[in-house]
């Protein structure tokens, strides 16, 4: 069975996810936003308490609030590290972008591996695939567990909302196309776990998300 644990971290209330297989204890960390020793400790205590093996570190996209804990995770757990090649510029500019928000960080490590729609990863008996969903950033990917009907949607699709497109590399029309062609092609019962806020389901967002209803009128 797959277990999903979320933590709300940093000044942006970003959702960091630990997803793990109960049988094997293999796990992934998605978008580590931990930015203080207290937040790192909360994450570490959960991992230690459940005796998890961190197999992969995955970034849905590389905005500053989703990558603040990368260095901590890499040094502590030595996972295979994947991100989008198209979002590398955000990692390279992370120190300057953080300064723009009034805080200092160390340089964020660059990934050793890159996401693609051809990539498949595995924890326990669960298979992860990746949906290329640009628009919030040029290189965002959503993480899909088909068998479990679960999708981690980063900052593409939220409960009753969509990702911003006024940030670095954002494009509104591209985002709407990503949602409608990639995420809304998934079954209605797929549960989504976004990068901020509460979970939802694909069918619910198809029917009730006000931003997508507005976009269909344009």
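The values are calculated or read from the model by the stated rules, or taken from the named source; none is laboratory data. In this text the structure is predicted, and so the values were computed from the model without any measurement. Glycine also receives a Cβ, built like all others from the backbone with ideal geometry; neighbour counts cover every protein chain displayed.
Residues that are under 21 Å from residue 192 (Cα atoms), touching a residue at least 12 places away in the same chain (Cβ under 8 Å) and not in a loop (DSSP other than H, G, I, E, B) within segment 109-121 comprise just one, 121. Look through 205, 148, 140 and report the one residue that is over 15 Å from the mean Cα position of the chain (by Cα) and closer than 20 Å to residue 6 by Cα. Only one candidate qualifies: 148.
For segment 23-57, the set of residues classified as surrounded by fewer than 21 Cβ atoms within 10 Å (Cβ to Cβ) and at positive phi consists of 25, 51, listed by residue number. Residues in segment 73-84 that are assigned to a helix (DSSP H, G or I) and touching a residue at least 24 places away in the same chain (Cβ under 8 Å) were compared, and the one that is nearest to residue 153 (Cα to Cα) is 73. Out of all the residues in segment 4-38, which are out of contact with any helix residue (DSSP H, G or I) (no Cβ under 6 Å at 6 or more places or on another chain) and not in a strand (DSSP E or B)? Answer for segment 4-38, where residues must be out of contact with any helix residue (DSSP H, G or I) (no Cβ under 6 Å at 6 or more places or on another chain) and not in a strand (DSSP E or B): 11, 13, 22, 23, 24, 25, 35, 36, 37, 38.
Against the numbered list (1) under 16 Å from the mean Cα position of the chain (by Cα); (2) within 28 Å of residue 170 (Cβ to Cβ), residue 20 comes up short only at (2).
Within segment 38-58, the set of residues being without any contact (Cβ under 8 Å) to a residue 60 or more places away in the chain and closer than 11 Å to residue 28 by Cβ comprises 52, 53, 54, 57.
Of the residues contained in segment 85-108, none is found to be part of a loop (DSSP other than H, G, I, E, B), in contact with a strand residue (DSSP E or B) (Cβ under 9 Å, 6 or more places away or on another chain) and surrounded by 13 or more Cβ atoms within 10 Å (Cβ to Cβ). The set of residues in segment 141-168 that are part of a loop (DSSP other than H, G, I, E, B) and out of contact with any helix residue (DSSP H, G or I) (no Cβ under 7 Å at 6 or more places or on another chain) comprises 146, 147, 148, 149, 155, 159, 164, 166, 167.
Summed over segment 46-72, residues that are in contact with a helix residue (DSSP H, G or I) (Cβ under 8 Å, 6 or more places away or on another chain) and part of a helix (DSSP H, G or I) total 3. Confirm whether residue 41 is over 25 Å from residue 118 (Cα atoms) and not in a loop (DSSP other than H, G, I, E, B). So residue 41 passes the test. For segment 164-173, the criterion of being modelled with pLDDT of 95 or more and crowded, with 20+ Cβ neighbours inside 10 Å is satisfied by no residue at all. Could you check, for segment 169-178, whether at least one of its residues is in contact with a helix residue (DSSP H, G or I) (Cβ under 8 Å, 6 or more places away or on another chain) and in a loop (DSSP other than H, G, I, E, B)? Yes, because at least one residue in segment 169-178 is in contact with a helix residue (DSSP H, G or I) (Cβ under 8 Å, 6 or more places away or on another chain) and in a loop (DSSP other than H, G, I, E, B).
Quick one: is residue 197 in contact with a strand residue (DSSP E or B) (Cβ under 6 Å, 6 or more places away or on another chain), part of a loop (DSSP other than H, G, I, E, B) and under 24 Å from residue 63 (Cα atoms)? Considered against the rule, which asks whether it is in contact with a strand residue (DSSP E or B) (Cβ under 6 Å, 6 or more places away or on another chain), part of a loop (DSSP other than H, G, I, E, B) and under 24 Å from residue 63 (Cα atoms), residue 197 comes out as yes.
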